[in-house]
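Structure first, then comments.
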Amino acid sequence: MMSRSCNYSRALAAGSFTTAVARDRAALDKALQETSPNLVIINQNFSKADELAITGTILERFPTLPVCLFFSQASLELVKKALHIGVSDCLFAPLRIAEITQTVDNCLKRANHIGDWNRTQVKITTASLQRRVDELQKLDTILEHIEDGVIILDDKLNILLINAAMRRTFGLWHDEAVSGKPVIEVLPHPDLKALFQLQKEGNTPTPHHEIAFDDGRVFTAQTNHIPGIGVAVTMQDITYLKQVDRLKNEFINTVSHDLRSPLTAVLGYVDLLEKVGSVNNQQHEFIRRVQASVESITSLVNDLLELGKIESGFDSQNEVAPLDGILRYALETVDGQILEKHLNLHLLLPEDIPPTRGNPIRLRQMLDNLVGNAIKYTPEGGDITIEMEAQSEQVILRISDNGPGIPPADQPHIFEKFYRASNVPKGVSGSGLGLAIVKSIVESHQGRIWVESMPGQGATFTVVLPLTQKTIA
Ligand code: ADP
């Protein structure tokens with residue numbers, strides 16, 4: 001406590017307060033530092049300085065310390081300013097002992113209340129912070145122990161966090177410092193690079209994307225945008241599922257293969273029936289029905305065998321393949337169907353499409369299926385638009401129609417074997433294998449395919465195939 005005229009110092013001492021008196025700034029600072037006072041009283045013009053400025057400085061350093069100002073001559077303006085900067089109370093001349101002790105008591109009580117309130121708030125905040133820390137630790141433990149790989153990246157694809165499963169998958173040491181480093185440098189895997197390319201192109205969440213390792217492990221990975229943070233990549237081990245899938249495909253292939261010979265025999269004998277003797281109209285109709293059914297099973301079996309061949313990667317044919325020419329041939333064979341259904345075909349085919357590389361027979365199969373579906377699913381008089389465009393390193397093919405479209409819930413599955421959407425129009429037959437064949441062909445050519453559709457407003461299938469360096473040149 002500081003004063004120039006110390007009559008209130010005596011009054012306080014009488015009221016069993018311990019007081020200290022500072023006569024200048026240096027003494028005041030020393031007293032503040034050494035005695036940690038409960039209350040400071042500052043005289044007007046203390047140390048010949050502006051008492052408000054000094055009070056302001058003290059309150060900046062000790063915001064909870066009660067400061068009282070003693071005015072020998074006070075104006076209302078001055079008192080207002082004092083209260084505004086946070087002075088607890090003011091004393092005015094002439095001083096009376098009762099008034100001094102009362103004011104000091106009030107200031108101390110208030111300071112105690114504030115102190116209590118502060119302590120309670122600190123307790124509450126500390127408890128809440130502790131809860132947050134506990135939650136974060138829990139999250140950390142969960143993240144470290146889940147079997148799926150998780151990696152969190154910032155917007156520039158630098159690593160923010162990587163969990164134990166992800167480290168194990170890529171063979172990183174537990175304590176290898178990777179935080180802040182570009183993910184592509186730390187995990188230089190071509191499939192992962194392709195996934196980030198997809199994400200860069202705005203596909204978020206990205207479709208499930210396979211990451212295959214040389215030792216036979218296969219993972220499915222997906223990226224999700226996290227607002228304000230960046231990107232989360234999650235990876236699951238699907239090696240076992242891939243093995244089961246391979247076994248299932250082998251089984252389907254064997255069965256399909258074994259079915260083909262008896263089916264050919266059935267068809268041959270049915271064809272012979274009418275040649276070996278006359279049949280009546282009813283018998284003729286039965287023969288026709290048997291032929292139609294056997295042909296449809298044969299086409300299913302053939303599709304399955306084709307799919308098996310493409311998936312097994314036995315198609316090693318890799319030659320220059322002019323996609324525009326193959327498309328023109330494919331369209332020639334469906335001329336009749338287009339005319340019959342009165343469909344309007346809009347063909348946007350520039351002259352200068354460079355050829356891609358691959359297997360022309362498979363590419364033709366891909367086009368047959370996509371064009372065939374557009375014709376099959378578009379109602380009479382509808383529109384089909386086929387456009388092709390070459391960009392620097394790829395050729396883009398879009399086949400759109402204004403048929404029934406595909407419901408959003410079905411869209412992720414239509415490239416799966418035997419899957420047919422829930423809105424397939426009545427009487428439109430199919431095996432659900434065409435798009436699975438198309439997807440396998442596209443992928444075996446290192447391309448991508450996707451569908452965009454609004455139910456009732458048609459569908460657009462987009463195929464992107466890379467132009468190899470040779471064909472670009
Ligand atoms: P399907 O033999 O049934 O045509 P696909 O594998 O070719 O089999 O296609 C899978 C499913 O995708 C179809 O059953 C259909 O529901 C949907 N689909 C494919 N193309 C179209 C299209 N152009 N318009 C509407 N739906 C389509």
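Each value in this text was obtained by applying a stated rule to the coordinates, not by laboratory testing. On a predicted model such as this, the values are computed, not experimentally measured, just so you know. Using ideal geometry, Cβ is built from the backbone for each residue, glycine included, and neighbour counts are taken over all protein chains shown.
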(request) Taking all pairs of distinct Cα atoms, average 1/r, flip it, and tell me the Kirkwood hydrodynamic radius of the range 125-248 in Å to one decimal place. (result) 15.6 Å
(request) Please report 126, 298, 206 as a ranked list, fewest other C-beta atoms within 10 angstrom at the top and most at the bottom. (result) 126, 298, 206
(message) Between residue 446 and residue 279, how high is the FRET efficiency from 1/(1 + (r/R0)^6) when r is the Cβ-Cβ distance and R₀ = 51 Å? Nearest 0.05.
(response) 0.45
(request) Just flag the GluC sites (Glu not before Pro) in the range 402-473 sitting in loop per DSSP whose Cβ has no more than 14 other Cβ atoms within 10 Å. (result) 416
(request) About the Cα centre of the range 42-182, how large is the charge dipole given +1 on each Lys and Arg Cβ and -1 on each Asp and Glu Cβ? Please answer in debye to the nearest 20. (result) 420 debye
(message) Expected output is a single nm value to one decimal: the length gained when fully extending between residue 418 and residue 243, i.e. 0.36 nm times separation in residues minus the C-alpha distance. What is it?
(response) 61.0 nm
(message) Test of understanding: what is the full-extension gain from residue 428 to residue 64, defined as 0.36 nm times their sequence separation minus their Cα-Cα distance?
(response) 122.9 nm
(message) Placing +1 on the Cβ of each Lys and Arg and -1 on the Cβ of each Asp and Glu in the chain, which of 462, 430, 277 has its Cα farthest towards the positive end of the resulting dipole?
(response) 462
(request) State which stretch of the chain is the longest one without any exposed chymotrypsin sites (Phe, Trp or Tyr not before Pro), exposure meaning a DSSP loop state and at most 14 other Cβ atoms within 10 Å. (result) 1-172
(request) Could you list which residues have their amide H under 5 Å from that of residue 92, counting only those 5 or more apart in sequence or on another chain, with H placed in the peptide plane? (result) 71
(request) With +1 on each Lys and Arg Cβ and -1 on each Asp and Glu Cβ, and nothing else charged, work out how big the dipole of the range 383-473 is about its Cα centre, in Debye to the nearest 20. (result) 280 debye
(request) Collect residues whose amide H, placed 1.01 Å from N in the peptide plane, falls under 5 Å from the amide H of residue 41; neighbours closer than 5 in sequence don't count. (result) 2, 68
(message) Less than 11 Å from a label point 7 Å out along the Cα-to-Cβ axis of residue 226: which backbone N atoms in the range 145-189 qualify, by residue?
(response) 150-155, 160-163
(request) Would you mind checking which residues have amide H under 5 Å from residue 206's amide H? H placed 1.01 Å from N; only 5 or more apart, or other chain. (result) 223
(request) Would you mind giving the average projected area, over all directions, of the Cα convex hull of the chain in nm² with one decimal? (result) 40.6 nm²
(request) Compute the signed sum of charges (Lys and Arg +1, Asp and Glu -1) over the other residues within less than 15 Å, Cβ to Cβ, of residue 206. (result) 0
(message) Sort 162, 414 by Cβ crowding within 10 Å, fewest neighbours at the top.
(response) 414, 162
(message) On the principal axes of its Cα set, how long, how wide and how thick is the range 336-409? Give whole Å, largest value first.
(response) 36, 32, 23
(message) Using a 10 Å cut-off around each Cβ, can you sort 388, 366 from fewest to most neighbouring Cβ atoms?
(response) 388, 366
(message) Stokes-Einstein diffusion coefficient for the range 308-356 at 4 °C in a medium of 1.567 mPa s, Rh from the Kirkwood formula over Cα pairs: what value in µm²/s?
(response) 96 µm²/s
(message) Apply the Karplus curve 6.51 cos²θ - 1.76 cosθ + 1.60, θ = phi - 60°, to the phi angles in the range 383-397 and return the couplings in whole Hz, x for Gly and Pro.
(response) 10, 10, 10, 10, 10, 10, 8, 9, 10, 3, 10, 8, 10, 10, 10
(request) Please get the size of the charge dipole for the chain, origin at its Cα centre, with Cβ charges of +1 on Lys and Arg and -1 on Asp and Glu, quoted in debye to the nearest 20. (result) 2280 debye
(request) Go through 52, 95, 36 and say which Cα lies farthest out towards the positive end of the charge dipole of the range 1-159; charges sit on Cβ, +1 for Lys and Arg, -1 for Asp and Glu. (result) 95
(request) Principal axes first, then extents: for the Cα atoms of the range 337-473, list largest minus smallest coordinate on each axis, whole Å, largest first. (result) 48, 30, 25
(request) At 10 °C and 1.306 mPa s, grab the translational diffusion coefficient of the range 166-214 from Stokes-Einstein with a Kirkwood Rh over Cα pairs, rounded to a whole number in µm² per second. (result) 131 µm²/s
(request) Would you mind listing how long the range 23-124 runs along its three principal axes, going by Cα atoms, in whole Å with the largest first? (result) 44, 30, 25
